[in-house]
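What follows is a short report on a single structure.
The values are calculated or read from the model by the stated rules, or taken from the named source; none is laboratory data. As the structure is a prediction and not an experimental result, all values here were calculated from the model. Note that each Cβ is placed from the backbone with ideal geometry, even for glycine, and that neighbours are counted across all protein chains shown. Accessible surface is based on the protein model in full, side chains and every heavy atom, while ligands, DNA and RNA are left aside. Shrake-Rupley method; radii C 1.70, N 1.55, O 1.52, S 1.80 Å.
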Amino acid sequence: MEDVRRNVNALDDVLVPLLVTRIGYMTQAARIKGDVTQVRDEARIEAIVSRVRERTAQEGGQPDVMEAVYRQLMEECIAYEHREFARLRGSGGFAEIAGE
């Protein structure tokens with residue numbers, strides 16, 4: 001079990017910086033998008049899911065598991081991008097932008 005945990009930790013050391021970079025692009029996207037309705041793009045979400053499922057199958061992985069991971073990742077990124085959109089424009093926050 002020690003070897004498994006050590007290997008998982010080593011992978012996390014690679015994944016975390018990559019995810020930080022990926023999430024950082026959400027700030028750039030929030031700067032570029034002119035309207036809050038552009039933050040959530042269902043067609044883009046489904047395109048990413050399709051691409052990830054295909055790539056996962058090519059790598060010999062479990063597409064259903066990877067889809068679930070990516071859907072959660074994208075939801076968190078969308079929420080972050082909403083916050084960034086509001087912050088960059090001095091808005092009152094996600095609830096105000098989302099019309100709540």
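Observations
- Structural descriptor for the chain: relative contact order 30 percent, calculated from alpha carbon pairs under 8 angstrom and at least 6 residues apart.
- Spin-label model distance (nm) - residue 38 vs residue 57, 7 Å beyond Cα toward Cβ: 3.3 nm
- Remark: segment 36-41, residue by residue, has Karplus-estimated 3J(HN,Hα) of 4, 5, 7, 5, 9, 10 Hz, where x stands for each Gly or Pro and the curve is 6.51 cos²θ - 1.76 cosθ + 1.60 at θ = phi - 60°.
- Long-range amide H partners of residue 40 with built H, under 5 Å: none
- Split the accessible area of the chain by element, probe 1.4 Å, and carbon with sulfur accounts for 54%.
- With protein chains left intact and a 1.4 Å probe, residues in the chain average 72 Å² of accessible area per residue.
- Solvent-accessible surface of protein heavy atoms, probed at 1.4 angstrom with all chains present, puts 80, 25 in the order 25, 80, largest first.
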